[in-house]
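The values are calculated or read from the model by the stated rules, or taken from the named source; none is laboratory data. In this text, all values refer to a predicted model and were calculated from it rather than measured experimentally. Quick reminder, even Gly has a Cβ in these numbers, built from the backbone with ideal geometry, and neighbours come from all protein chains shown.
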Amino acid sequence: MTAAGPKHYRTIFLSDIHLGTKGCKAELLLEFLDRHQCDQLFLVGDIVDGWRLTRNWYWPGTHNQVLQKFLAMARDGTRVVYIPGNHDEIARDYHRLTIGEVVILRDAVFECADGRKFLVIHGDEFDGVVKYAKWLAYLGDAAYNFALTVNNWYNLARRRLGYPYWSLSAYLKLKVKNAVEYIDNFEAALTEEARRRGLDGVICGHIHNAEIRDVGGITYCNDGDWVESCTALVEDEAGQLAILRWAEERVRAPGAAPRLALAS
């Protein structure tokens, strides 16, 4: 990234922003959006956290700015596609509707510049806990938000000591055997669905674990989240896909002065 202007990508994929929660890193996301442009933007679910808002209203100005930024991008010519997740599932009732130049779809087939075709879907439909035991998913959501609170305080301490942001909750999640098995099962289910549809890969969110890897000949891509890892999946003009880890990248980006407080 140079001082000449924002970095341009053919496509950017974002998910699991969870606007309406204290764990949402809206300031970091606004910073990312200020420094990156794209021809297409896919919002891959859980953009607004309806689960939390119905129980405890929390909506600071920065969360509204994020929505306004998406709408402004659509008005300025970026193709914006919104694919709802389980936390904003009410928007699924508006499948194929266009609101403020933003197209709402349950899922989509995305073609890379190199011709590869990907299923774009949030992924909760392939999560057995969400699909068959929603009460357990709500319970897990409460525990997860507690972990995020601890994570915020932990990073506040790291920041005061001069250390960069690091997701304690994401680290712990990948160290727990059951969580690793859950992620593997999720990836296998999504890649099998892409194979069933005759596609080359799948792009999803939901489990807050950014990754690109081959699963049995199918390319699995997860764009991560904006409550833990602060990541995006990006496609360049040649069709190459990559994970951009903004919490780390911003430290190396010229002019990326912080305008945020990580603890909320």
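Against the definition (within 13 Å of the chain's Cα centre (by Cα), modelled with pLDDT of 95 or more and not in a loop (DSSP other than H, G, I, E, B)), how does I17 come out, yes or no?
Details: within 13 Å of the chain's Cα centre (by Cα): yes; modelled with pLDDT of 95 or more: yes; not in a loop (DSSP other than H, G, I, E, B): no.
The answer is no for I17.
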Within the bounds of the range 68-78, is there any residue that is buried (at least 23 other Cβ atoms within 10 Å of the Cβ) and part of a loop (DSSP other than H, G, I, E, B)?
no
So in the range 202-255, with the set limited to residues that are of a type outside the set (A, V, I, L, M, F, W, C), touching a Ser or Thr at 6+ places or on another chain (Cβ under 6 Å) and free of Cβ contacts under 8 Å to residues at least 60 places away in the same chain, which one is nearest to Y82 (Cα to Cα)?
Y220
Filter the range 31-57 down to the residues that are hydrophobic (A, V, I, L, M, F, W, C) and surrounded by fewer than 18 Cβ atoms within 10 Å (Cβ to Cβ), then identify the one that is farthest from A238 (Cα to Cα).
W57
Do we have any residue at all in the range 189-205 that's loosely packed, with under 12 Cβ neighbours inside 10 Å and either within 18 Å of the chain's Cα centre (by Cα) or at pLDDT below 70 (or both)?
no
When you look at D76, is it in contact with a strand residue (DSSP E or B) (Cβ under 7 Å, 6 or more places away or on another chain), at pLDDT 95 or above and either among the aromatic types (F, W, Y) or within 25 Å of R10 (Cα to Cα) (or both), yes or no?
no
Please find, within the range 79-110, the residue that is farthest from T191 (Cα to Cα) out of those that are surrounded by 14 or more Cβ atoms within 10 Å (Cβ to Cβ) and acidic (D, E).
E101
With modelled with pLDDT under 95, over 24 Å from R106 (Cβ atoms) and crowded, with 18+ Cβ neighbours inside 10 Å as the only criterion, which of G23, G5 stands out?
G23
Are any of the residues in the range 37-51 in a helix (DSSP H, G or I), of a type outside the set (V, I, T) and modelled with pLDDT of 95 or more?
no
Grab the strands (runs of 3 or more DSSP E) fully contained in the range 92-144, keeping just those with 1 or more residues being at pLDDT below 90.
none
